[in-house]
Amino acid sequence: MSTQCVMIIAGDRPARTRVAEWAACEALRRGLPLRVVHVAPPVDRGTPRHDVCRPASVTDHVADHVAAELADAYPRLRVDTTHLAATAGWEPRSLVRNVETIVVGLAEESGAADPLPGPVVREVAAVAACPVVFVPGGPGRARPAYRPAGITVGVDARDPAAGAIDFAFGTARLREARLRVVHAWSLPPAAAELPFRVPEKDRATWEDQEVQLLSDVMRPWREKYPTVPVLEDVVLFPPAEALIRNPGNTELVVVGRGHPAANGPSTTVDALLRSTGCPVAVVPE
């Protein structure tokens, strides 16, 4: 059976709590059991152990403390735990089998000053065949009370990532949230060859073409998810900058991963994690 998985690396209790609570709420929405996994970072000295799966005890392992807190807070949630060590025998693929979604924290492994994923998280994200949601450990950005929360998904209208689009629509439907679909575009190469500023008429024509392109891509998804309110947003910005506009009105940013990379999340994802205070979901094709 598929599960929702929350991965705890280390870090302070408030950071762990935010990550675990986000995963618990999402598991309940999707009707999934939750597995809390503690991955101990590699040790600097001593002989690495190769028996990386070890039984956990309530007093010794972070995962059990987190699971106990979640069981008290969410009685309907089914929770189990796993403890692993990222030693020489560590195999991240064993962690992601039969998992529907993986939820990981950001600041735990790499230090509070650096919100990017550490090496263990990157290993897992690079091989996961399911969405990986990166949840910041600190408090999220405040959202104006009069603005309902929404989901934002980045879409390249010329090469749309179906997995990311489907995940974003499905999540918006579960949360009864509005979906903002962002297509970042750039001026065509011919614009750089002009000896003067691009005429407004030409720019408007190119933008109209991008708007129509995105509309054509979204049509079948609107038909598949008719209850999801959609805002299509075509912007002349780099992808990461386009996605972090109006961050106070977004509770989740969704992007596609494309082909797995050896170093995990892309530079666009890294830029998002540095700039946005909300969770970021990376979805493979």
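So that you can scan it fast, the table gives a plain yes or no per residue for (1) surrounded by 22 or more Cβ atoms within 10 Å (Cβ to Cβ); (2) at pLDDT below 90; (3) over 17 Å from the mean Cα position of the chain (by Cα):
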position: T3; (1), (2), (3): no, yes, no
position: V6; (1), (2), (3): yes, yes, no
position: A10; (1), (2), (3): no, yes, yes
position: R18; (1), (2), (3): no, yes, no
position: A24; (1), (2), (3): yes, no, no
position: V39; (1), (2), (3): yes, yes, yes
position: P42; (1), (2), (3): no, yes, yes
position: H61; (1), (2), (3): no, yes, yes
position: D64; (1), (2), (3): no, yes, yes
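Checked against (1) on the phi < 0 side of the Ramachandran plot; (2) at pLDDT 85 or above, E285 passes all but condition (2). Taking segment 66-86 as the range and being in contact with a Lys or Arg (Cβ under 8 Å, 6 or more places away or on another chain) and either at pLDDT below 65 or surrounded by fewer than 19 Cβ atoms within 10 Å (Cβ to Cβ) (or both) as the test, only D80 passes. Whenever a residue of segment 206-231 is in the same structural domain as P160 (by TED's automatic domain parsing) and within 26 Å of R175 (Cβ to Cβ), it has no partner that is assigned to a loop (DSSP other than H, G, I, E, B) and among the charged types (D, E, K, R) lying with C-beta atoms less than 7 angstrom away and at least six residues away or across chains. Picking from residues in segment 186-217 that are β-branched (V, I, T) and at pLDDT 85 or above, the one that is nearest to E241 (Cα to Cα) is V211.
The values are calculated or read from the model by the stated rules, or taken from the named source; none is laboratory data. Treat the numbers as computed from the prediction; the structure is a model and nothing was measured. Don't worry about glycine lacking a Cβ; one is built from the backbone with ideal geometry, like all the others, and counts go over all protein chains shown.
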